[in-house]
Amino acid sequence: MTELLHATVTILTDPVTMALAVVATLVGIILGALPGISSTMTLAVLLPFSFSMEPGNAMVFLLGAFYGSAWGGSISAILINIPGTPGSMLTQLDGYPLAKRGQAGVALTYALIASTFGGVVGWFGLVIFAPTLARAGFAFQSPEFAVLMIFGLSMLAYASPGSTFLAILAGMFGLLLGTVGLDMITNLSRFDFGIPRLQAGINIIPFAVGIFGLTEILKLLEQPIVQEKAATQIGEIWPRFRDVIKTWATAIRSSIVGLIVGIIPAAGSAVAVSMSYAQEKKLYEKTETFGNGNPRGIVAAETGNNAAVGGALVPLLTLGLPGDTMTAVLVGALLIHGLQPGPQLFTKHPDFIATIYVALALTIVLTFVLSLVLTRAFAKLLSAPPRILYLGILILCVTGSFAVQNALFDVLLMIFFGALGYLFTKLGIPTAPMMFGLVLGPLLEENLRRTLVVYGDWMVFFQRPIPVVLLAITAVVLLLPFFGKVRERLARAALEAGPD
Amino acid sequence: MSREINEGAAGTESVLAGPPRVVDFAAGAVFVLIALIASWSLWTDPYLELGKVGDDPGPSFIPWIGTTVIGLGGLAQMIWVLIKAKKAGVLKTSGEFVVAKLWLPALLVVSLIIYQLAMKPLGFFTASIIFALPWVAVFHWRSGGAFTKRYLIQLPLEAVLIAGGIYSLFYYGINVPFP
């Protein structure tokens, strides 16, 4: 409590921190609103700026961009029927029809109020559950952490869109990339191919900027760039108060679903939104229709999406497990600043944890205020020439990669990973698992080898309850597709055999 | 989202199960190639074996696991595609690797490499402007823009402003010592 109070006073009275929060939230909203710029790309491109900041300010900056872009995605979903982020994919179903009826402003305000409510619930979830889970995390020693990393990697690969099998291979490739450079125990170099720069390992920033920034621009260049026109005027901003109140139950239910799904490693915001929306659709299927401008649909999607943001920070901070690519970038940011996410972070750096709580709360408030004031301006930004945006991102990719270590080699790495990401995308190989492998790989290696040194036996993984449970869940999840295929074949064979 | 769900060797959802494609085979081949490069690097390093002390499996342990999984997985993917192709009697091309689609992305990668190489001799600012000038025009053209007289002045101006703005942000804002 003292730390929380101290962090609040420190952040609110520091003009630099406040300016960073405002700028990051604004940039996050703007980039999130632009179609083609994902939240992950936003975070990856902004990550180099945080490198020169002290850890607290870096988190204020990155959380501002993270939360801002999560909301920003809804602006384009409502105004031009294209979600800026995966989390806003269902906001468009009811938001855009409302906008087409000349009520774009009302739809945006519904979404804003709902996302703020979801954000607040997510924040409370983070503040309540994170310390509890961190305390439970103290039962985790190296065998538990090693298996947890295997579990996390497998879940993240499983949840990636595309082929699960290729996602697992991509994750393993990321894990290999994480081993490039000097081994932390023996100081022997691996995979350096005679290039001295590689002995320091592969920095997360050029990698993330390449995979999530440059790759997207390369994909974009394949076809003519189509700039969608906002279909409507903004019109009235405020919905009727009694109409907003009608959706309170939806807001509460959806935010709880969003929070819980957000806490589950690898579930991500897209799953949270889908579940929240589906739940409300089911509950009101007899009395209301969805998908034609129903405010309840907007509220369900938005509360679920933003509650998941706070939820996703729980496993990230307490166990070091990212829930999706965005939180994987945040893990990378913490590691760059020498902060290892996990239970120890709560005892060694309680002030930093308090800073994260305050930063998220500040970002929620800033997003609400800035969006209300600047709704019309954000809408106009959607018609800005794409060339300015894409050229700016390209030069930012290069500059940001250089700025990490003031090394031209990092620019080359960024180009290499951008091109590789593009090739992988063309071949249908998911690229996000590589990021998870790069982030979680070194932690897996460290804990696995420490386990074997301390316990001297592989059997330790099967003699402790937590590793056994996690390994069992991992095995079930990875083998499910096999069972699905076998069942499918049996059913087909039974059909072919006929009733006899 | 045109082909978000794809079948792998192990298979996930068979919603889009269709005839096997060349790219599915190539995806496996890419992993085999990665595994070959990685195993060559591990084999030819005599020092890595020295790292095995006591119960520590050594610095090459995780890399070998990763390399083996990637190599065998890639191989399994290739075999799976060939078996499916034999059954279906066809190996479909996806239309992804055509010059009409690839030339601009390839040109961007090449110009980025030249941009990187030019930074040291020309300086970051000059190199950025030289890079930005043609590419702002390319993006303008790809967005369906016409090259009227107005744009002959506006586009170079935008390129200089974007490059200069980002340079100033990093140089003055966070003291990055550019070449």
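The values are calculated or read from the model by the stated rules, or taken from the named source; none is laboratory data. Not measured: the values here are computed from a predicted model. With ideal geometry, Cβ positions are generated from the backbone for all residues, glycine too; neighbour counts draw on all protein chains shown. With ligands, DNA and RNA removed, areas are computed over all heavy atoms of the protein, side chains included. Shrake-Rupley method; radii C 1.70, N 1.55, O 1.52, S 1.80 Å.
A few notes on this one:
- Any chance A:A384 is in contact with a helix residue (DSSP H, G or I) (Cβ under 7 Å, 6 or more places away or on another chain) and of a type outside the set (V, I, T): no
- Inclusion of A:A361 among residues that are closer than 18 Å to A:L26 by Cα, surrounded by fewer than 23 Cβ atoms within 10 Å (Cβ to Cβ) and not polar (S, T, N, Q) is warranted.
- The single residue among A:A354, A:A379, A:A300 that is out of contact with any strand residue (DSSP E or B) (no Cβ under 7 Å at 6 or more places or on another chain), in contact (Cβ under 8 Å) with a residue 24 or more places away in the chain and closer than 30 Å to A:S160 by Cα turns out to be A:A300.
- Considering the conditions (1) in contact with a Phe, Trp or Tyr (Cβ under 8 Å, 6 or more places away or on another chain); (2) buried (at least 16 other Cβ atoms within 10 Å of the Cβ), B:F147 is excluded by exactly one of them, (2).
- Qualifying residue in segment A:100-113 (condition: open to solvent by 30 Å² or more (accessible area, probe 1.4 Å), of a type in the set (S, T, Y) and in contact (Cβ under 8 Å) with a residue 60 or more places away in the chain): no
- Candidates are the residues of segment A:318-358 that are outside any helix (DSSP H, G or I) and over 20 Å from the mean Cα position of the chain (by Cα); the one that is surrounded by the fewest Cβ atoms within 10 Å (Cβ to Cβ) is A:G338.
- Subset of segment B:110-122 that is facing chain A (nearest Cβ under 9 Å) and surrounded by fewer than 17 Cβ atoms within 10 Å (Cβ to Cβ) - its residue that is farthest from A:A407 (Cα to Cα): B:I113
- Within segment B:160-175, the residues that satisfy the criterion of being within 15 Å of A:I395 (Cβ to Cβ) and at the interface with chain A (Cβ under 7 Å from one of its Cβ atoms) are B:I162, B:A163, B:I166, B:F170.
- The C-beta contact set for segment A:468-489 (first residue of a type outside the set (A, V, I, L, M), second residue modelled with pLDDT of 85 or more and surrounded by 13 or more Cβ atoms within 10 Å (Cβ to Cβ), distance under 9 angstrom, 6+ apart or interchain) comprises A:T474/A:V147; A:T474/A:I150; A:T474/A:F151; A:P481/A:F165.
- The set of residues from segment A:1-25 being open to solvent by 70 Å² or more (accessible area, probe 1.4 Å) and touching a Gly at 6+ places or on another chain (Cβ under 9 Å) comprises just one member, A:V23.
- Criterion applied to B:F125, B:F178 was being in contact (Cβ under 8 Å) with a residue 40 or more places away in the chain, more than 9 Å from chain A (Cβ to nearest Cβ) and surrounded by 14 or more Cβ atoms within 10 Å (Cβ to Cβ), and the one residue passing it is B:F125.
A quick yes/no check of all residues on (1) at pLDDT below 85; (2) of a type in the set (A, V, I, L, M, F, W, C); (3) over 17 Å from the mean Cα position of the chain (by Cα):
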residue	(1), (2), (3)
A:T109	no, no, yes
A:P131	no, no, yes
A:E144	no, no, yes
A:L156	yes, yes, no
A:L177	no, yes, yes
A:I185	yes, yes, yes
A:I195	no, yes, yes
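- One residue from B:V30, B:V81 being facing another protein chain (nearest Cβ under 10 Å) and either modelled with pLDDT under 75 or out of contact with any Ser or Thr (no Cβ under 8 Å at 6 or more places or on another chain) (or both): B:V30
- Options A:I205, A:I263: the member that is modelled with pLDDT under 90, under 30 Å from A:I150 (Cα atoms) and open to solvent by 30 Å² or more (accessible area, probe 1.4 Å): A:I263
- A:L182 open to solvent by 10 Å² or more (accessible area, probe 1.4 Å), in contact with a strand residue (DSSP E or B) (Cβ under 7 Å, 6 or more places away or on another chain), closer than 30 Å to B:Y47 by Cα and within 10 Å of chain B (Cβ to nearest Cβ): yes
- Scan of segment B:84-109 for residues that are in a helix (DSSP H, G or I) and surrounded by 12 or more Cβ atoms within 10 Å (Cβ to Cβ), ordered by number: B:K84, B:A85, B:A88, B:K101, B:L102, B:W103, B:L104, B:P105, B:A106, B:L107, B:L108, B:V109
- Annotation for segment B:70-81: no member residue is open to solvent by less than 30 Å² (accessible area, probe 1.4 Å), in contact with a Leu (Cβ under 6 Å, 6 or more places away or on another chain) and without any contact (Cβ under 8 Å) to a residue 12 or more places away in the chain.
Matching residues to (1) facing chain A (nearest Cβ under 9 Å); (2) within 30 Å of B:A29 (Cα to Cα):
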position	(1), (2)
B:I62	yes, yes
B:T67	yes, yes
B:A85	no, yes
B:H140	yes, no
B:K149	no, no
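- Of A:L438, A:L480, A:L443, all but one fail to be surrounded by fewer than 18 Cβ atoms within 10 Å (Cβ to Cβ) and part of a helix (DSSP H, G or I); the exception is A:L480.
- Restricting attention to segment B:37-49, the residues being in a helix (DSSP H, G or I) and more than 7 Å from every other protein chain (Cβ to nearest Cβ) number 6.
- Condition met for A:A432 (under 19 Å from A:T40 (Cβ atoms), open to solvent by 10 Å² or more (accessible area, probe 1.4 Å) and at pLDDT 90 or above): no
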